[in-house]
Amino acid sequence: TCVEKYCPTSVIKAVCGWCCAVLHRRFPAYLPSMQDFRPNEDHLSNMRVARQAMLVQTSDAGDNTIALLPAWPCEWSVAFKVHLPRQTVLTGGYDHLQRVLTITSILPAARAADVRVLNCVNDSAVVWQ
């Protein structure tokens, strides 16, 4: 096992067991949120913000555009529920095998006109449910 391979002494087996459990996550760099540091020192929080920016971005130019998948790797599938400005909640998913983006809900519904898909799929592969 991971613990036996990397932790030869019994003193550090408990620590290694926790570390090995973290390494088998989908995003192993995202450790459990045990940190309480200043924002510039909370690297885990910074990585989470970066991942959300890869998935969705909003415009500050006043046009209220919601850009989906602007920097998301097209080889990764994802299911998401993100909270955006103007009290908007967007729920959906992207299937990389079929190259289909499914938007299951957007609240308020009037914000649907603001959604633009920038990467991975064309307009015909966007399914609104």
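The values are calculated or read from the model by the stated rules, or taken from the named source; none is laboratory data. Treat the numbers as computed from the prediction; the structure is a model and nothing was measured. Glycine also receives a Cβ, built like all others from the backbone with ideal geometry; neighbour counts cover every protein chain displayed. Just the protein is used for accessible areas: all its heavy atoms, side chains included, with ligands, DNA and RNA removed. Shrake-Rupley method; radii C 1.70, N 1.55, O 1.52, S 1.80 Å.
Summary of computed values
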item: Per-region count, the range 48-70, residues of a type in the set (A, V, I, L, M) and either free of Cβ contacts under 8 Å to residues at least 24 places away in the same chain or more than 18 Å from residue 91 (Cα to Cα) (or both); result: 5
item: Filtered residue count, the range 33-56, keeping only those that are open to solvent by 70 Å² or more (accessible area, probe 1.4 Å) and at pLDDT 90 or above; result: 0
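Conditions (1) more than 15 Å from the chain's Cα centre (by Cα); (2) open to solvent by 60 Å² or more (accessible area, probe 1.4 Å), marked per residue:
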residue	(1), (2)
71	no, no
74	no, no
82	no, no
87	yes, yes
102	yes, no
117	yes, no
